[in-house]
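K.L.:
Take a look at this one; I'll ask things after.
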Amino acid sequence: MRHRTLAALVASALISTGCATWFNPPESTHRASVVDYLYPQNERPALKPTVPELHLPLRVGIAFVPGDLRGDLPEVERNNLLNRVKSAFSNRPYIDSIQVIPTTYLRSGGGFGNLEQAARMFNVDVVVLLSYDQMQFSDNNRLSVFYWTIVGGYLVNGSQYDVSTLVDASVFDVASRQLLFRAPGTSQLKGSSPLVKFGEASREARTEGYRQAVDSLIPQLDAQLEAFRQRVKEQNAARIIHTSRSSGGDSGLAGLGLFGVTAAVAIYRRRAG
Amino acid sequence: MLAEHWRLGLPAGLLLVASLLPGEAMELNRQAVAEGQLWRLWTGQFCHWSVLHLAGNLAAAVAICVIAGRPIRPWLAALPLVAPLLSLFLLAAVPGLERYRGLSGLVAMLVVGAAIEGGLVGRILAAAYLAKLGFDAFTGSQSALLPEGIAVAWPAHLGGLLLGLATAGWLHLRRNPR
(Lines give C-alpha, C1' and ligand atoms only; values in the text may rest on other atoms or scores of the structure.)
Protein backbone atom coordinates (compact mmCIF):
# COMPACT_ATOMS: atom_id res chain seq x y z
CA MET A 1 0.00 0.00 0.00
CA ARG A 2 2.77 2.37 1.00
CA HIS A 3 4.63 1.54 -2.24
CA ARG A 4 1.52 2.30 -4.29
CA THR A 5 1.01 5.68 -2.66
CA LEU A 6 4.66 6.55 -3.19
CA ALA A 7 4.48 5.45 -6.86
CA ALA A 8 1.33 7.54 -7.41
CA LEU A 9 2.98 10.62 -5.89
CA VAL A 10 6.13 10.22 -7.99
CA ALA A 11 4.06 9.63 -11.13
CA SER A 12 1.87 12.68 -10.56
CA ALA A 13 4.91 14.84 -9.83
CA LEU A 14 6.62 13.60 -12.99
CA ILE A 15 3.51 14.20 -15.11
CA SER A 16 2.94 17.70 -13.82
CA THR A 17 6.56 18.86 -14.06
CA GLY A 18 6.89 16.99 -17.33
CA CYS A 19 3.95 18.94 -18.74
CA ALA A 20 5.53 22.16 -17.68
CA THR A 21 8.81 21.16 -19.27
CA TRP A 22 7.28 20.01 -22.54
CA PHE A 23 4.98 22.98 -22.98
CA ASN A 24 7.24 25.73 -21.73
CA PRO A 25 10.78 25.38 -23.05
CA PRO A 26 12.50 28.06 -20.96
CA GLU A 27 14.23 29.70 -23.88
CA SER A 28 14.14 29.40 -27.65
CA THR A 29 16.03 31.31 -30.34
CA HIS A 30 15.28 31.78 -34.02
CA ARG A 31 18.06 33.32 -35.99
CA ALA A 32 19.03 34.02 -39.57
CA SER A 33 22.26 35.91 -40.00
CA VAL A 34 23.24 37.82 -43.11
CA VAL A 35 26.91 37.08 -42.37
CA ASP A 36 26.25 33.31 -42.21
CA TYR A 37 24.35 33.55 -45.49
CA LEU A 38 26.84 35.63 -47.44
CA TYR A 39 30.05 34.33 -45.89
CA PRO A 40 29.43 30.66 -45.03
CA GLN A 41 32.04 28.55 -43.19
CA ASN A 42 33.90 31.61 -41.91
CA GLU A 43 34.69 32.75 -45.44
CA ARG A 44 36.48 36.10 -45.26
CA PRO A 45 34.94 39.07 -47.08
CA ALA A 46 37.04 40.05 -50.09
CA LEU A 47 37.44 43.80 -49.88
CA LYS A 48 37.48 45.56 -53.22
CA PRO A 49 37.68 49.35 -52.92
CA THR A 50 35.18 50.17 -55.66
CA VAL A 51 32.46 52.76 -55.89
CA PRO A 52 29.16 51.00 -56.61
CA GLU A 53 27.32 52.01 -59.76
CA LEU A 54 23.60 52.49 -59.26
CA HIS A 55 21.33 52.63 -62.29
CA LEU A 56 18.34 54.83 -61.50
CA PRO A 57 15.51 54.13 -61.21
CA LEU A 58 16.57 51.14 -59.13
CA ARG A 59 15.23 47.61 -59.53
CA VAL A 60 15.15 46.31 -55.99
CA GLY A 61 14.69 42.81 -54.61
CA ILE A 62 13.75 42.10 -51.01
CA ALA A 63 14.16 38.78 -49.22
CA PHE A 64 14.52 37.15 -45.83
CA VAL A 65 17.88 35.53 -45.26
CA PRO A 66 17.32 31.75 -45.02
CA GLY A 67 17.52 30.70 -41.37
CA ASP A 68 18.61 27.54 -39.60
CA LEU A 69 15.04 26.39 -39.09
CA ARG A 70 12.45 26.42 -41.87
CA GLY A 71 9.45 26.51 -39.57
CA ASP A 72 10.47 29.48 -37.43
CA LEU A 73 8.65 31.98 -39.64
CA PRO A 74 6.11 30.61 -42.15
CA GLU A 75 6.59 31.62 -45.79
CA VAL A 76 3.15 33.27 -45.90
CA GLU A 77 4.07 35.48 -42.97
CA ARG A 78 7.46 36.25 -44.52
CA ASN A 79 5.67 37.36 -47.69
CA ASN A 80 3.29 39.57 -45.71
CA LEU A 81 6.19 41.24 -43.91
CA LEU A 82 8.18 41.74 -47.12
CA ASN A 83 5.10 43.23 -48.79
CA ARG A 84 4.79 45.68 -45.89
CA VAL A 85 8.30 46.96 -46.57
CA LYS A 86 7.66 46.92 -50.31
CA SER A 87 4.51 49.05 -50.09
CA ALA A 88 6.31 51.58 -47.87
CA PHE A 89 8.96 52.25 -50.52
CA SER A 90 7.42 51.38 -53.89
CA ASN A 91 6.11 54.90 -54.65
CA ARG A 92 9.59 56.47 -54.69
CA PRO A 93 10.34 57.85 -58.17
CA TYR A 94 13.95 56.62 -58.00
CA ILE A 95 12.72 53.06 -57.43
CA ASP A 96 11.51 51.36 -60.59
CA SER A 97 10.19 48.18 -58.98
CA ILE A 98 10.49 46.12 -55.80
CA GLN A 99 10.38 42.35 -56.22
CA VAL A 100 9.65 40.08 -53.27
CA ILE A 101 12.09 37.13 -53.46
CA PRO A 102 10.71 34.06 -51.65
CA THR A 103 13.15 32.39 -49.25
CA THR A 104 12.83 29.18 -51.26
CA TYR A 105 14.95 30.88 -53.96
CA LEU A 106 17.82 31.36 -51.50
CA ARG A 107 20.07 28.60 -50.13
CA SER A 108 21.21 28.54 -46.53
CA GLY A 109 24.87 29.64 -46.63
CA GLY A 110 24.52 30.28 -50.36
CA GLY A 111 26.87 33.26 -50.38
CA PHE A 112 27.06 36.00 -52.98
CA GLY A 113 26.88 33.38 -55.76
CA ASN A 114 23.38 32.44 -54.67
CA LEU A 115 22.43 36.10 -54.20
CA GLU A 116 23.57 36.88 -57.75
CA GLN A 117 21.55 33.94 -59.12
CA ALA A 118 18.39 35.18 -57.39
CA ALA A 119 19.07 38.78 -58.50
CA ARG A 120 19.40 37.64 -62.12
CA MET A 121 16.28 35.51 -61.85
CA PHE A 122 14.22 38.42 -60.52
CA ASN A 123 15.99 41.04 -62.66
CA VAL A 124 17.07 43.28 -59.78
CA ASP A 125 20.23 45.34 -59.20
CA VAL A 126 19.97 45.93 -55.46
CA VAL A 127 18.82 43.43 -52.82
CA VAL A 128 17.52 44.20 -49.34
CA LEU A 129 18.32 41.23 -47.10
CA LEU A 130 16.32 40.95 -43.90
CA SER A 131 18.07 39.01 -41.15
CA TYR A 132 16.49 38.35 -37.77
CA ASP A 133 17.24 37.27 -34.27
CA GLN A 134 14.34 36.38 -32.02
CA MET A 135 14.59 35.13 -28.45
CA GLN A 136 11.69 33.87 -26.46
CA PHE A 137 11.88 33.34 -22.70
CA SER A 138 9.09 31.31 -21.07
CA ASP A 139 8.42 31.06 -17.34
CA ASN A 140 5.68 30.02 -14.98
CA ASN A 141 4.43 32.71 -12.65
CA ARG A 142 2.93 32.30 -9.18
CA LEU A 143 -0.51 31.56 -10.60
CA SER A 144 0.87 28.37 -12.14
CA VAL A 145 0.36 26.70 -8.79
CA PHE A 146 -3.28 26.38 -9.88
CA TYR A 147 -2.16 24.02 -12.66
CA TRP A 148 -2.19 21.33 -9.96
CA THR A 149 -5.97 21.56 -10.06
CA ILE A 150 -6.00 20.54 -13.78
CA VAL A 151 -8.81 23.09 -14.38
CA GLY A 152 -6.27 25.82 -13.64
CA GLY A 153 -4.30 24.74 -16.71
CA TYR A 154 -7.32 25.83 -18.81
CA LEU A 155 -8.33 28.99 -16.98
CA VAL A 156 -5.40 30.59 -15.17
CA ASN A 157 -2.72 32.64 -16.95
CA GLY A 158 0.11 30.92 -15.16
CA SER A 159 2.58 30.79 -18.06
CA GLN A 160 4.28 33.89 -19.36
CA TYR A 161 6.47 34.69 -22.30
CA ASP A 162 8.86 37.46 -23.20
CA VAL A 163 9.73 37.78 -26.90
CA SER A 164 12.59 40.05 -28.09
CA THR A 165 12.92 40.47 -31.83
CA LEU A 166 15.51 42.18 -33.99
CA VAL A 167 15.01 42.46 -37.75
CA ASP A 168 17.91 44.00 -39.62
CA ALA A 169 17.77 45.20 -43.23
CA SER A 170 21.05 45.21 -45.17
CA VAL A 171 20.96 46.78 -48.61
CA PHE A 172 23.50 45.29 -51.04
CA ASP A 173 24.51 46.33 -54.53
CA VAL A 174 24.70 42.92 -56.18
CA ALA A 175 27.20 43.79 -58.93
CA SER A 176 29.83 45.30 -56.61
CA ARG A 177 28.82 43.11 -53.60
CA GLN A 178 28.93 46.23 -51.45
CA LEU A 179 26.79 46.98 -48.45
CA LEU A 180 25.16 50.32 -49.23
CA PHE A 181 23.46 50.88 -45.87
CA ARG A 182 21.61 49.05 -43.13
CA ALA A 183 18.84 49.69 -40.63
CA PRO A 184 17.52 47.78 -37.61
CA GLY A 185 14.00 47.29 -36.26
CA THR A 186 13.25 45.90 -32.81
CA SER A 187 10.29 44.83 -30.73
CA GLN A 188 9.69 43.55 -27.21
CA LEU A 189 6.52 41.64 -26.35
CA LYS A 190 5.39 40.26 -23.02
CA GLY A 191 2.28 38.27 -22.24
CA SER A 192 0.78 35.35 -20.40
CA SER A 193 -1.68 32.58 -21.07
CA PRO A 194 -3.09 29.39 -19.53
CA LEU A 195 -0.91 26.32 -19.94
CA VAL A 196 -3.05 24.62 -22.60
CA LYS A 197 -3.06 27.72 -24.82
CA PHE A 198 0.57 28.59 -24.25
CA GLY A 199 1.87 27.10 -27.50
CA GLU A 200 -0.63 29.01 -29.61
CA ALA A 201 -0.27 32.26 -27.64
CA SER A 202 3.52 32.24 -27.74
CA ARG A 203 3.53 31.38 -31.46
CA GLU A 204 1.20 34.34 -32.13
CA ALA A 205 3.45 36.54 -29.96
CA ARG A 206 6.50 35.49 -31.99
CA THR A 207 4.73 36.40 -35.24
CA GLU A 208 3.51 39.69 -33.76
CA GLY A 209 7.08 40.34 -32.64
CA TYR A 210 8.25 40.10 -36.26
CA ARG A 211 5.40 42.39 -37.39
CA GLN A 212 6.24 45.05 -34.81
CA ALA A 213 9.96 44.80 -35.54
CA VAL A 214 9.30 45.30 -39.27
CA ASP A 215 7.01 48.25 -38.47
CA SER A 216 9.80 49.85 -36.45
CA LEU A 217 12.31 48.97 -39.20
CA ILE A 218 10.47 50.89 -41.96
CA PRO A 219 11.07 54.45 -40.61
CA GLN A 220 14.66 53.53 -39.72
CA LEU A 221 15.26 52.22 -43.23
CA ASP A 222 13.72 55.38 -44.65
CA ALA A 223 16.06 57.52 -42.53
CA GLN A 224 19.10 55.48 -43.59
CA LEU A 225 18.02 55.73 -47.23
CA GLU A 226 17.90 59.54 -46.92
CA ALA A 227 21.31 59.53 -45.22
CA PHE A 228 22.69 57.37 -48.04
CA ARG A 229 21.28 59.78 -50.65
CA GLN A 230 23.10 62.61 -48.88
CA ARG A 231 26.32 60.55 -48.84
CA VAL A 232 25.96 59.94 -52.57
CA LYS A 233 25.55 63.69 -53.19
CA GLU A 234 28.23 64.93 -50.83
CA GLN A 235 30.80 62.12 -50.62
CA ASN A 236 30.19 60.26 -53.90
CA ALA A 237 29.36 57.06 -52.02
CA ALA A 238 27.99 55.65 -55.28
CA ARG A 239 28.05 56.55 -58.95
CA ILE A 240 24.55 57.35 -60.18
CA ILE A 241 23.63 56.49 -63.75
CA HIS A 242 20.27 57.68 -65.02
CA THR A 243 18.60 55.23 -67.38
CA SER A 244 15.63 55.99 -69.60
CA ARG A 245 13.47 53.32 -67.91
CA SER A 246 11.44 56.06 -66.20
CA SER A 247 11.49 59.29 -68.13
CA GLY A 248 9.91 62.66 -67.96
CA GLY A 249 9.15 65.08 -70.72
CA ASP A 250 10.76 68.23 -69.42
CA SER A 251 12.59 71.15 -70.99
CA GLY A 252 14.65 71.85 -67.88
CA LEU A 253 15.51 75.18 -66.33
CA ALA A 254 17.56 76.25 -69.37
CA GLY A 255 14.62 75.46 -71.66
CA LEU A 256 12.30 77.37 -69.38
CA GLY A 257 14.65 80.35 -69.48
CA LEU A 258 14.69 80.15 -73.26
CA PHE A 259 10.89 80.13 -73.46
CA GLY A 260 10.67 83.00 -70.94
CA VAL A 261 13.17 85.24 -72.72
CA THR A 262 11.64 84.70 -76.18
CA ALA A 263 8.14 85.32 -74.80
CA ALA A 264 9.38 88.57 -73.18
CA VAL A 265 10.99 89.63 -76.50
CA ALA A 266 7.73 88.85 -78.33
CA ILE A 267 5.74 91.00 -75.88
CA TYR A 268 8.28 93.85 -76.14
CA ARG A 269 8.22 93.77 -79.98
CA ARG A 270 4.42 93.76 -80.03
CA ARG A 271 4.28 96.81 -77.71
CA ALA A 272 7.02 98.62 -79.59
CA GLY A 273 5.62 98.06 -83.02
CA MET B 1 -16.53 79.84 -82.51
CA LEU B 2 -18.21 77.30 -80.26
CA ALA B 3 -16.48 74.47 -82.11
CA GLU B 4 -13.11 76.14 -81.48
CA HIS B 5 -13.88 76.36 -77.77
CA TRP B 6 -14.66 72.64 -77.74
CA ARG B 7 -11.47 71.84 -79.60
CA LEU B 8 -9.42 73.85 -77.10
CA GLY B 9 -11.41 72.47 -74.17
CA LEU B 10 -10.45 68.91 -75.01
CA PRO B 11 -6.68 69.27 -74.39
CA ALA B 12 -7.41 71.38 -71.30
CA GLY B 13 -9.77 68.69 -70.01
CA LEU B 14 -7.20 65.97 -70.70
CA LEU B 15 -4.60 67.94 -68.76
CA LEU B 16 -7.01 68.42 -65.86
CA VAL B 17 -8.06 64.76 -65.70
CA ALA B 18 -4.49 63.43 -66.07
CA SER B 19 -3.26 65.81 -63.36
CA LEU B 20 -6.01 65.06 -60.85
CA LEU B 21 -6.12 61.25 -61.17
CA PRO B 22 -3.28 59.10 -59.72
CA GLY B 23 -0.17 59.30 -61.89
CA GLU B 24 0.34 55.51 -61.68
CA ALA B 25 -2.91 55.02 -63.59
CA MET B 26 -2.31 57.84 -66.07
CA GLU B 27 1.37 57.51 -67.02
CA LEU B 28 2.54 55.96 -70.28
CA ASN B 29 3.51 52.49 -69.10
CA ARG B 30 4.78 50.01 -71.68
CA GLN B 31 3.47 46.92 -69.92
CA ALA B 32 0.08 48.44 -69.09
CA VAL B 33 -0.41 49.61 -72.69
CA ALA B 34 0.46 46.10 -73.91
CA GLU B 35 -2.21 44.78 -71.53
CA GLY B 36 -4.82 47.01 -73.19
CA GLN B 37 -4.84 50.20 -71.06
CA LEU B 38 -4.88 52.36 -74.18
CA TRP B 39 -5.98 55.59 -72.47
CA ARG B 40 -2.38 55.91 -71.27
CA LEU B 41 -1.37 56.77 -74.86
CA TRP B 42 -3.25 60.05 -74.32
CA THR B 43 -2.93 60.68 -70.59
CA GLY B 44 0.80 59.83 -70.42
CA GLN B 45 1.53 63.03 -72.33
CA PHE B 46 -0.59 65.14 -69.98
CA CYS B 47 0.30 63.77 -66.52
CA HIS B 48 3.45 64.74 -64.61
CA TRP B 49 5.91 63.47 -62.00
CA SER B 50 5.44 66.47 -59.69
CA VAL B 51 3.73 69.86 -59.41
CA LEU B 52 7.06 71.50 -60.28
CA HIS B 53 7.31 69.37 -63.42
CA LEU B 54 3.74 70.35 -64.41
CA ALA B 55 4.39 74.03 -63.69
CA GLY B 56 7.55 74.01 -65.83
CA ASN B 57 5.80 72.49 -68.83
CA LEU B 58 2.74 74.74 -68.48
CA ALA B 59 5.00 77.80 -68.33
CA ALA B 60 6.67 76.68 -71.57
CA ALA B 61 3.27 76.17 -73.24
CA VAL B 62 2.07 79.61 -72.08
CA ALA B 63 5.28 81.22 -73.40
CA ILE B 64 4.65 79.66 -76.83
CA CYS B 65 1.07 80.95 -76.80
CA VAL B 66 2.41 84.43 -76.02
CA ILE B 67 4.99 84.23 -78.84
CA ALA B 68 2.68 82.83 -81.52
CA GLY B 69 -0.56 84.49 -80.40
CA ARG B 70 -3.98 83.46 -81.70
CA PRO B 71 -2.70 81.46 -84.73
CA ILE B 72 -1.36 78.79 -82.32
CA ARG B 73 -4.94 77.73 -81.46
CA PRO B 74 -5.28 75.08 -84.21
CA TRP B 75 -2.01 73.62 -82.95
CA LEU B 76 -3.38 73.45 -79.41
CA ALA B 77 -6.54 71.83 -80.74
CA ALA B 78 -4.42 69.18 -82.49
CA LEU B 79 -2.73 68.10 -79.22
CA PRO B 80 -5.22 65.26 -78.44
CA LEU B 81 -4.62 63.84 -81.93
CA VAL B 82 -0.83 64.11 -81.70
CA ALA B 83 -0.56 62.75 -78.11
CA PRO B 84 -1.18 59.04 -78.92
CA LEU B 85 1.09 59.25 -81.98
CA LEU B 86 3.88 60.68 -79.82
CA SER B 87 3.33 57.90 -77.24
CA LEU B 88 3.57 55.25 -79.97
CA PHE B 89 6.71 56.95 -81.31
CA LEU B 90 8.29 56.80 -77.83
CA LEU B 91 7.39 53.14 -77.30
CA ALA B 92 8.86 52.25 -80.69
CA ALA B 93 11.93 54.49 -80.63
CA VAL B 94 13.05 53.92 -77.01
CA PRO B 95 12.82 50.17 -76.28
CA GLY B 96 14.25 50.64 -72.76
CA LEU B 97 11.58 53.13 -71.73
CA GLU B 98 9.07 51.62 -69.34
CA ARG B 99 7.31 54.67 -67.85
CA TYR B 100 6.88 58.21 -69.15
CA ARG B 101 5.08 61.33 -67.97
CA GLY B 102 5.22 64.86 -69.29
CA LEU B 103 3.85 67.47 -71.66
CA SER B 104 7.18 68.55 -73.09
CA GLY B 105 6.98 66.27 -76.14
CA LEU B 106 3.81 68.13 -77.08
CA VAL B 107 5.48 71.42 -76.17
CA ALA B 108 8.15 70.53 -78.75
CA MET B 109 5.37 70.08 -81.30
CA LEU B 110 4.09 73.55 -80.35
CA VAL B 111 7.62 74.94 -80.86
CA VAL B 112 7.23 74.05 -84.55
CA GLY B 113 3.93 75.93 -84.42
CA ALA B 114 5.72 78.93 -82.89
CA ALA B 115 8.36 78.80 -85.65
CA ILE B 116 5.64 78.91 -88.32
CA GLU B 117 3.13 81.22 -86.68
CA GLY B 118 5.33 83.32 -84.39
CA GLY B 119 7.45 85.26 -86.87
CA LEU B 120 11.13 85.96 -86.26
CA VAL B 121 10.98 85.45 -82.48
CA GLY B 122 9.27 82.08 -83.01
CA ARG B 123 11.98 80.99 -85.44
CA ILE B 124 14.74 82.11 -83.05
CA LEU B 125 13.03 80.08 -80.32
CA ALA B 126 12.86 77.02 -82.59
CA ALA B 127 16.53 77.32 -83.56
CA ALA B 128 17.62 77.65 -79.92
CA TYR B 129 15.34 74.75 -78.94
CA LEU B 130 16.90 72.58 -81.64
CA ALA B 131 20.38 73.42 -80.33
CA LYS B 132 19.28 72.56 -76.78
CA LEU B 133 17.84 69.25 -77.98
CA GLY B 134 21.18 68.38 -79.58
CA PHE B 135 22.99 69.31 -76.35
CA ASP B 136 20.58 67.18 -74.24
CA ALA B 137 20.94 64.19 -76.57
CA PHE B 138 24.73 64.50 -76.56
CA THR B 139 25.27 65.05 -72.81
CA GLY B 140 22.23 63.29 -71.32
CA SER B 141 21.79 66.22 -68.95
CA GLN B 142 19.37 66.02 -66.02
CA SER B 143 16.58 68.45 -65.25
CA ALA B 144 16.19 70.15 -61.88
CA LEU B 145 12.43 70.10 -62.41
CA LEU B 146 12.29 66.30 -62.47
CA PRO B 147 12.42 64.13 -59.34
CA GLU B 148 15.58 62.14 -58.63
CA GLY B 149 15.84 59.00 -60.73
CA ILE B 150 13.76 60.31 -63.62
CA ALA B 151 15.70 60.89 -66.81
CA VAL B 152 14.93 63.62 -69.33
CA ALA B 153 13.29 61.99 -72.36
CA TRP B 154 14.93 63.94 -75.18
CA PRO B 155 13.51 61.44 -77.75
CA ALA B 156 10.07 62.75 -76.74
CA HIS B 157 11.22 66.25 -77.78
CA LEU B 158 12.57 64.90 -81.06
CA GLY B 159 9.30 63.02 -81.67
CA GLY B 160 7.36 66.18 -80.84
CA LEU B 161 9.37 68.19 -83.39
CA LEU B 162 8.82 65.53 -86.09
CA LEU B 163 5.10 65.35 -85.33
CA GLY B 164 5.06 69.16 -85.34
CA LEU B 165 6.39 69.12 -88.90
CA ALA B 166 3.68 66.58 -89.85
CA THR B 167 1.04 68.79 -88.17
CA ALA B 168 2.35 71.81 -90.10
CA GLY B 169 1.86 69.88 -93.34
CA TRP B 170 -1.63 68.80 -92.34
CA LEU B 171 -2.70 72.33 -91.32
CA HIS B 172 -1.25 73.72 -94.55
CA LEU B 173 -3.33 71.23 -96.57
CA ARG B 174 -6.45 72.15 -94.58
CA ARG B 175 -5.92 75.87 -95.15
CA ASN B 176 -5.03 75.50 -98.82
CA PRO B 177 -7.19 72.72 -100.28
CA ARG B 178 -6.50 72.00 -103.96
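K.L.:
Hey, rough spin-label estimate for A:LYS197 and A:ARG142, points 7 angstrom out along Cα→Cβ, what's it come to in nanometres?
P.N.:
Placing both labels 7 Å beyond Cα along the Cβ direction yields 2.3 nm.
K.L.:
Measuring from the lowest to the highest alpha carbon on each principal axis, how far does the stretch A:202-260 reach, largest first, in angstroms?
P.N.:
67, 27, 21
K.L.:
In nanometres, what is the gap between the two model label sites at B:ALA166 and A:TYR39, each 7 Å from Cα along Cα-to-Cβ?
P.N.:
For the pair B:ALA166/A:TYR39, the computed spacing is 5.8 nm.
K.L.:
Take each of the peptides A:102-111, A:247-256, average the number of other beta-carbon atoms within 10 Å over its residues, and list them starting from the highest.
P.N.:
Ranked by mean Cβ neighbours within 10 Å, highest first: A:247-256, A:102-111.
K.L.:
Am I reading the B/A interface right? What is its buried accessible area, both sides, 1.4 Å probe, to the nearest 100 Å²?
P.N.:
3000
K.L.:
In the full protein assembly as shown, how much of A:SER97 is accessible to a 1.4 Å probe, in Å² to the nearest 10?
P.N.:
Per-residue accessible area (A:SER97): approximately 30 Å².
K.L.:
Given a 1.4 Å probe and heavy atoms of the protein chains only, how would you sort A:ILE241, A:ILE98, largest accessible area at the top? Intermediate values should be presented prior to the final figure.
P.N.:
Details: A:ILE241 45, A:ILE98 20 Å².
Largest accessible area first, the list is A:ILE241, A:ILE98.
K.L.:
With all protein chains present, calculate the accessible area of A:VAL261 using a 1.4 Å probe and round the result to the nearest 10 Å².
P.N.:
90
K.L.:
While we're on this one: Can you give the average number of partner chain beta-carbon atoms within 10 Å of each beta-carbon in peptide B:52-60, as a whole number?
P.N.:
For this peptide, the per-residue mean of nearby foreign Cβ atoms is 4.
K.L.:
Tally Lys and Arg at +1 and Asp and Glu at -1 over the other residues with C-beta under 11 Å from the C-beta of B:GLN45: what net charge comes out?
P.N.:
On the way: positive: B:ARG40, B:ARG101; negative: B:GLU27.
Local charge sum for B:GLN45: +1.
K.L.:
For A:LEU179 and A:GLU204, what is the calculated FRET efficiency with R₀ set at 30 Å and r taken between the beta-carbons, to the nearest 0.05?
P.N.:
FRET efficiency, A:LEU179 to A:GLU204: 0.35.
K.L.:
Now a separate question. Where in the stretch B:1-92 are there GluC sites (Glu not before Pro) that are in a DSSP coil and have at most 11 other Cβ atoms within 10 angstrom of their Cβ?
P.N.:
B:GLU35
K.L.:
Using a Förster radius of 25 Å, what is the FRET efficiency between B:GLU148 and B:LEU38 based on their Cβ-Cβ separation? Nearest 0.05, please.
P.N.:
On the way: r = 30 Å, r/R0 = 1.21.
Using R0 = 25 Å, I get an efficiency of 0.25.
K.L.:
I've got another one for you. Run lengths n ≥ 4 of DSSP H only: what is the helix-derived mean residue ellipticity at 222 nm for chain B, with -39500 (n - 2.57) per run over all residues, to the nearest 500?
P.N.:
One gets -22500 deg cm²/dmol as the mean residue ellipticity at 222 nm.
K.L.:
Right, here's the next one. What's the Kirkwood radius of the stretch A:123-273 in Å, using all Cα pairs?
P.N.:
Answer for the stretch A:123-273: a Kirkwood hydrodynamic radius of 20.9 Å.
K.L.:
Got a sec? Which residues in the stretch A:247-271 would a label at B:PHE135 touch, if it sits 7 Å along Cα→Cβ and we count backbone N under 20 Å?
P.N.:
A:248-266
K.L.:
While we're here: Taking K and R as +1 and D and E as -1, what net charge do the other residues with C-beta under 14 Å from the C-beta of A:PHE122 add up to?
P.N.:
Net of charged neighbours comes to 0.
K.L.:
Right, next: Order A:ARG59, B:ARG70 by their accessible area, 1.4 angstrom probe, all chains in place, largest first.
P.N.:
From most accessible down to least: B:ARG70, A:ARG59.
K.L.:
Sticking with this structure for a sec: May I ask you to derive the FRET efficiency for A:TYR154 and A:THR104 from their Cβ-Cβ distance with R0 = 30 Å, giving the value to the nearest 0.05? Intermediate values should be presented prior to the final figure.
P.N.:
Values: r = 39 Å, r/R0 = 1.29.
About 0.20, to the nearest 0.05.
K.L.:
While we're looking at this one, here's another question. Apply the Karplus curve 6.51 cos²θ - 1.76 cosθ + 1.60, θ = phi - 60°, to the phi angles in the stretch A:50-57 and return the couplings in whole Hz, x for Gly and Pro.
P.N.:
Karplus values, whole Hz, x for Gly and Pro: 10, 8, x, 9, 10, 8, 8, x.
K.L.:
Per residue, what accessible area does the stretch B:75-178 have, given a 1.4 Å probe and all protein chains present, in Å²? Display every interim value, and only then the final one.
P.N.:
Values: 4340 Å² over 104 residues.
Value returned for the stretch B:75-178: 42 Å² of accessible area per residue.
K.L.:
What does DSSP give for the stretch A:24-252 in terms of the percent of beta bridges that are antiparallel, rounded to the nearest 5?
P.N.:
70
K.L.:
Please list, or write none, the aspartates and glutamates whose alpha carbon is within less than 14 Å of the alpha carbon of A:LYS233, excluding same-chain residues fewer than 8 places away.
P.N.:
Once the sequence-local aspartates and glutamates are set aside, what remains near A:LYS233 is A:GLU53, B:GLU148.
K.L.:
Roughly how many Å² is the accessible area per residue of the stretch A:24-252, as a whole number, for a 1.4 Å probe?
P.N.:
49
K.L.:
Which order do you get for B:ARG174, A:ARG142, A:ARG269 if you rank them by accessible area with a 1.4 Å probe, largest at the top? Don't skip to the end; give the middle numbers.
P.N.:
Details: B:ARG174 145, A:ARG142 220, A:ARG269 125 Å².
Heavy-atom accessible area, descending, gives A:ARG142, B:ARG174, A:ARG269.
K.L.:
At 1.4 Å probe size, with the rest of the protein present, what percent of the exposed accessible area of chain A is carbon and sulfur atoms? Numbers along the way, then the final one.
P.N.:
Details: 8360 of 14810 Å².
Roughly 56 percent, rounded to a whole number.
K.L.:
Continuing with this model, one more query. What angle, in degrees between 0 and 90 and rounded to the nearest 10, separates the Cα long axis of helix A:75-89 from the longest principal axis of the Cα atoms of chain A?
P.N.:
30
K.L.:
Could I ask something else about it? What Kirkwood radius, in Å to one decimal, follows from the Cα pairs of chain A?
P.N.:
22.6
K.L.:
Mind checking the mean number of beta-carbon atoms from other chains within 10 Å of the Cβ atoms in A:138-144?
P.N.:
Mean partner shielding for this stretch: 0.
K.L.:
Then there's this: Across the residues of A:85-98, average count of Cβ atoms on other protein chains within 10 Å? Walk me through the numbers before you get to the answer.
P.N.:
Numbers: counts 0, 0, 0, 0, 0, 1, 2, 3, 10, 4, 1, 3, 1, 0.
Mean partner shielding for this stretch: 2.
K.L.:
Calculate the spin-label point distance for B:VAL17 paired with B:ARG70, positioning each point 7 Å from the Cα along the beta-carbon direction, and give it in nanometres.
P.N.:
Label at B:ARG70, label at B:VAL17, 3.0 nm between them.
K.L.:
For chain B, what are the per-bin percents of Cα-Cα distances with bins 10 Å wide, up to the bin holding the maximum?
P.N.:
10, 39, 38, 12, 1, 0
The values are calculated or read from the model by the stated rules, or taken from the named source; none is laboratory data. Computed from a predicted structure; not experimentally measured. Using ideal geometry, Cβ is built from the backbone for each residue, glycine included, and neighbour counts are taken over all protein chains shown. Surface accessibility is based on the protein's heavy atoms, side chains included, excluding ligands, DNA and RNA. Shrake-Rupley method; radii C 1.70, N 1.55, O 1.52, S 1.80 Å.
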